[in-house]
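Heads up: the structure comes next, in structure tokens.
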Amino acid sequence: MRRCPLSSWRRDISRFTITDVHPLAADGTFGPLTSVAVEDGVIVDRPGGAEVDGRGGYLLPGLIDTHVHVDHPDQLVAALRWGVTTVLDMGTPRWDGLRALRDADDDARADLRGVSSPACAPRGTAVRKMNHPASTAVRGPGDAARWIAERLDQDPDYVKIVLEEKLPFQPKPLAPDTVAALVAHAHRAGKKVVVHAASSRAYAIALDAGADVITHAPVRDTLSADLARRVTASGTAVSPTLVMMRTILRTLKLPFTPKSLNFGQTLASTGALHRAGATIVLGTDANADDTSPARVAHGSSAHEELALLVHAGLSPSEALSAATSRAAAVFGLDDRGVIAPGKRADLLLVARDPARDITATRDVVGVWKRGVAAPVPRASPTTT
């Protein structure tokens, strides 16, 4: 086999072996030095082809960001550069364009899945401020079948429901019976349901309805130990989007930040979920949308999120699993998320051991999507 340094690696080599690397196991720990072979975009158990010198580095499955909002293909390119090989869009009024990107499955961009438009209450933020069509609103449990049928016509990968807070002078949020009807119709259609929830009350409604995934962790209150245990017992996974919640509070344009809005509560809620044994997956809410409460960079923010998960109480190994094997399992991405024969060769090579220091994921040496090499960033993202 001929040996190729990464600096001169060609994108079009279909069979190669990455030598002298520590591969990540499904439990988030790294194994001893070995080689990982790739053929036609899939990991195989027989070394062959060109050799890529891993130089004792640490090889991870490509990261999976379970919560983004994409409005330009360049954002998928940026994600891939940082080793985020799969992203899940959690709501867009431009689904036709995103669906075309998903179905094109270009190896120069991160793989894409999505939900189309989210269910919201009449006059909800998605319709009122974020340019989603009026049909996005659900007018009670009797309207749930219509809403699900319209979403299925759009061929989404999942379904999303937005639970907004009950606030003075604001439109009424979706009622619990409407949420339950939406979840029931979605499950009958074979679709997983993601629920936007940013308070303990919203978490309880999502759990009562049978949500598969809750996205966001509260900033207004802290989840109790009992509620965290309910999340665990239900099997519902949580994508806390810590980097987004922190960014919202940092950019909130108020004379002062109310004590009721506190990132410490978000970290504490995530810690409570972790202590209760809940399934936590990585999500950033990356977006560049003027209608969003805050902008978050695509790609690099996944590495910030990893560090924040560790700050909330996860071990580095648990955070790595949240971004790889756990995220793949929760969203049914059975062909990726682990380094094993037969799985996609979506790979991220870093120079240092992130199981010891989670910030080592930022030292990107190599990225491959389905065995095709991608450009890597020139510098690490800002330290969290």
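Distance between the C-alpha centres of region 37-61 and region 90-110: 28 Å, rounded to the whole angstrom. In region 120-266, a dipole from Cβ-located charges (positive for Lys and Arg, negative for Asp and Glu) runs towards its positive end, and of 262, 125, 190 it is 262 whose Cα lies farthest in that direction. Test of understanding: in a Gaussian network model of the chain with alpha carbons linked when under 10 Å, which of 303, 132, 216 would top the mean-square fluctuation ranking? Residue with maximal mean-square fluctuation among 303, 132, 216: 132.
For region 291-338, a/c is not less than 1.5, where a ≥ b ≥ c are the root eigenvalues of the C-alpha gyration tensor, and a/b does not top b/c. That puts it in the oblate class. Available extension along the chain between residue 155 and residue 42 is 38.0 nm, counting 0.36 nm per residue and deducting the alpha carbon span. Between rounded, prolate and oblate, where does region 312-384 land on the alpha carbon gyration tensor, with a ≥ b ≥ c its root eigenvalues, rounded for a/c under 1.5, else prolate if a/b exceeds b/c? Verdict is oblate for region 312-384. Among 33, 240, 88, pick out the residue whose Cα is farthest towards the positive end of the charge dipole of the chain, where Lys and Arg carry +1 and Asp and Glu carry -1 on C-beta, about the Cα centre. Of 33, 240, 88, it is 240. Between residue 14 and residue 29, the contour length at 0.36 nm per residue exceeds the Cα-Cα span by 2.6 nm. Close Lys pairs in region 63-330, defined as Cα atoms under 29 Å apart and 8 or more places apart or on different chains, number 19.
Ellipticity at 222 nm from helices only: DSSP H runs of n ≥ 4 in the chain, each -39500 (n - 2.57), divided by the residue count, give -8500 deg cm²/dmol. Here the simple spin-label model places points 7 Å from the Cα toward Cβ, and for residue 145 and residue 106 these points are separated by 4.2 nm. When the Cα convex hull of the chain is projected onto planes of every orientation, the mean area is 17.9 nm².
Summarising the strand pairing of the chain, around 40 percent of its internal DSSP beta bridges are antiparallel. Annotation note: trypsin sites (Lys or Arg not before Pro) in region 77-143 located in DSSP loop regions with a Cβ neighbour count of at most 16 within 10 Å are 94, 123, 129, 139.
Quick note: the coordinates plus some simple rules give every number you see, no bench work behind them. Predicted model only: the values in this text are computed from it and were never measured. Every residue, glycine among them, receives a Cβ derived from its backbone with ideal geometry; neighbour counts consider all protein chains shown.
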